[in-house]
Amino acid sequence: GAVVSQHPSWVICKSGTSVKIECRSLDFQATTMFWYRQFPKQSLMLMATSNEGSKATYEQGVEKDKFLINHASLTLSTLTVTSAHPEDSSFYICSARDGTSGFFGSYEQYFGPGTRLTVT
Amino acid sequence: AQKVTQAQTEISVVEKEDVTLDCVYETRDTTYYLFWYKQPPSGELVFLIRRNSFDEQNEISGRYSWNFQKSTSSFNFTITASQVVDSAVYFCALSEALRNNNAGNMLTFGGGTRLMVKP
């Protein structure tokens, strides 16, 4: 159980186009989803936290108009990179937390396999 | 503010050697959770362990062991008799305690330690 999928696993796009990345919890209800970005040989940096049905909370320095996050259902969150530029090329990882189990919900965050974005 | 420091950026060992990956953390919370993840070249994070701040017992799982010491704010990870398949980047992470059902318990990651195990 507790599987999170991401689609696509990799994508190459031209500068100026938009790219949508999907994150799905396959066998649990993800009340909270997190989006991370990882540049080569660096750590994961949290971009934003989204709770189902509400607006995402972005970390300082992350442009909310450039990285659109939608968490419309308990099993799906999407990250859209708008007007992508080469500097947006990175590995994007989502994680999902099951907030329906236990008193305060599960402590576990389950990670997706990641999406490698290359902007040419 | 939370902070996780992994001072070792890269470690290289020869197969069958023991290796310890250091992790030091900072938090003002009295209740928190510590994690270790493995990231192989494929990129997918593999969960290894979670430990809450009230449980300082060391843990052993096969060749893996973890030493949690609140007095030094450290949560070190030891691989015994390392194998080539252990080669990966290892991340230590910290999470605050959950406070309500919809609170995002964000993970703060350390910089990671790249472990290379040579045959």
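The values are calculated or read from the model by the stated rules, or taken from the named source; none is laboratory data. Bear in mind the structure is a predicted one, so any value in this text is a computation, not a measurement. Reconstructed Cβ throughout: ideal geometry from the backbone, glycine too, with neighbour counts over all protein chains shown.
May I ask you to verify whether B:E56 is more than 8 Å from chain A (Cβ to nearest Cβ), more than 23 Å from A:C94 (Cβ to Cβ), in contact with a strand residue (DSSP E or B) (Cβ under 7 Å, 6 or more places away or on another chain) and surrounded by fewer than 21 Cβ atoms within 10 Å (Cβ to Cβ)?
Numbers: more than 8 Å from chain A (Cβ to nearest Cβ): yes; more than 23 Å from A:C94 (Cβ to Cβ): yes; in contact with a strand residue (DSSP E or B) (Cβ under 7 Å, 6 or more places away or on another chain): yes; surrounded by fewer than 21 Cβ atoms within 10 Å (Cβ to Cβ): yes.
Answer is yes for this residue.
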Original post:
Are any of the residues in the range A:88-108 farther than 25 Å from B:A1 by Cα, modelled with pLDDT of 95 or more and of a type in the set (D, E)?
Top reply: yes
**OP:** State whether the residues of the range B:104-118 include one that is surrounded by fewer than 13 Cβ atoms within 10 Å (Cβ to Cβ), farther than 30 Å from A:L117 by Cβ, in contact (Cβ under 8 Å) with a residue 12 or more places away in the chain and of a type outside the set (S, T, Y).
**Re:** yes
Subject >> Among (1) farther than 25 Å from B:K3 by Cα; (2) assigned to a loop (DSSP other than H, G, I, E, B), the one test that A:Q42 misses >> reply: (1)
Subject >> Pairs, first within 18 Å of A:K64 (Cα to Cα) and within 11 Å of chain B (Cβ to nearest Cβ) in the range A:23-37, second buried (at least 21 other Cβ atoms within 10 Å of the Cβ) and basic (K, R), C-beta under 7 Å, six or more apart >> reply: A:T32/A:R97
Original post:
If you go through the range A:10-32 one residue at a time, how many are within 13 Å of the chain's Cα centre (by Cα), under 21 Å from A:D98 (Cβ atoms) and of a type outside the set (A, V, I, L, M, F, W, C)?
Top reply: 4
Original post:
Mind checking which pairs have a first residue in the range A:51-64 that is under 15 Å from A:R97 (Cβ atoms) and a second that is aliphatic (A, V, I, L, M) and buried (at least 17 other Cβ atoms within 10 Å of the Cβ), Cβ under 7 Å, 6 or more apart or different chains?
Top reply: A:E52/A:L74; A:A56/A:A48; A:A56/A:I69; A:T57/A:A48
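Would you please name the residue that is surrounded by the most Cβ atoms within 10 Å (Cβ to Cβ), looking only at residues in the range B:35-53 that are of a type in the set (A, V, I, L, M) and within 11 Å of chain A (Cβ to nearest Cβ)? Full working, then the answer.
Going through the range B:35-53, the residues of a type in the set (A, V, I, L, M) turn out to be B:45-46, B:48-49.
If we keep only those that are within 11 Å of chain A (Cβ to nearest Cβ) too, we end up with B:45-46.
Values: B:L45: 26, B:V46: 13.
Among those that are of a type in the set (A, V, I, L, M) and within 11 Å of chain A (Cβ to nearest Cβ), it is B:L45.
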Original post:
Residues in the range A:46-65 that are acidic (D, E), farther than 14 Å from B:T108 by Cβ and surrounded by fewer than 18 Cβ atoms within 10 Å (Cβ to Cβ): how many?
Top reply: 2
**OP:** Could you tell me which residue of the range A:22-45 is nearest to A:P8 (Cα to Cα), considering only residues that are surrounded by fewer than 19 Cβ atoms within 10 Å (Cβ to Cβ) and of a type in the set (A, V, I, L, M, F, W, C)?
**Re:** A:L26
Original post:
Can you tell me which of A:V19, A:V4 is surrounded by 16 or more Cβ atoms within 10 Å (Cβ to Cβ), over 30 Å from B:R114 (Cα atoms) and in contact (Cβ under 8 Å) with a residue 12 or more places away in the chain?
Top reply: A:V19
**OP:** Output the number of the condition that A:S89 fails; it satisfies all remaining conditions of (1) under 21 Å from B:G43 (Cα atoms); (2) more than 10 Å from chain B (Cβ to nearest Cβ); (3) in contact (Cβ under 8 Å) with a residue 40 or more places away in the chain; (4) not charged (D, E, K, R).
**Re:** (3)
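Do we find a residue being more than 20 Å from B:M106 (Cβ to Cβ), among the polar types (S, T, N, Q) and in contact with a strand residue (DSSP E or B) (Cβ under 8 Å, 6 or more places away or on another chain) anywhere in the range A:89-108?
First, pick out the residues of the range A:89-108 that are more than 20 Å from B:M106 (Cβ to Cβ): A:89.
This time we only want the ones that are among the polar types (S, T, N, Q), so: A:89.
In the following step, the residues that additionally are in contact with a strand residue (DSSP E or B) (Cβ under 8 Å, 6 or more places away or on another chain) were identified as A:89.
Yes, the range A:89-108 contains at least one residue that is more than 20 Å from B:M106 (Cβ to Cβ), among the polar types (S, T, N, Q) and in contact with a strand residue (DSSP E or B) (Cβ under 8 Å, 6 or more places away or on another chain).
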Subject >> Set B:Y64, B:Y32, B:Y25: member being hydroxyl-bearing (S, T, Y) and within 12 Å of another protein chain (Cβ to nearest Cβ) >> reply: B:Y32
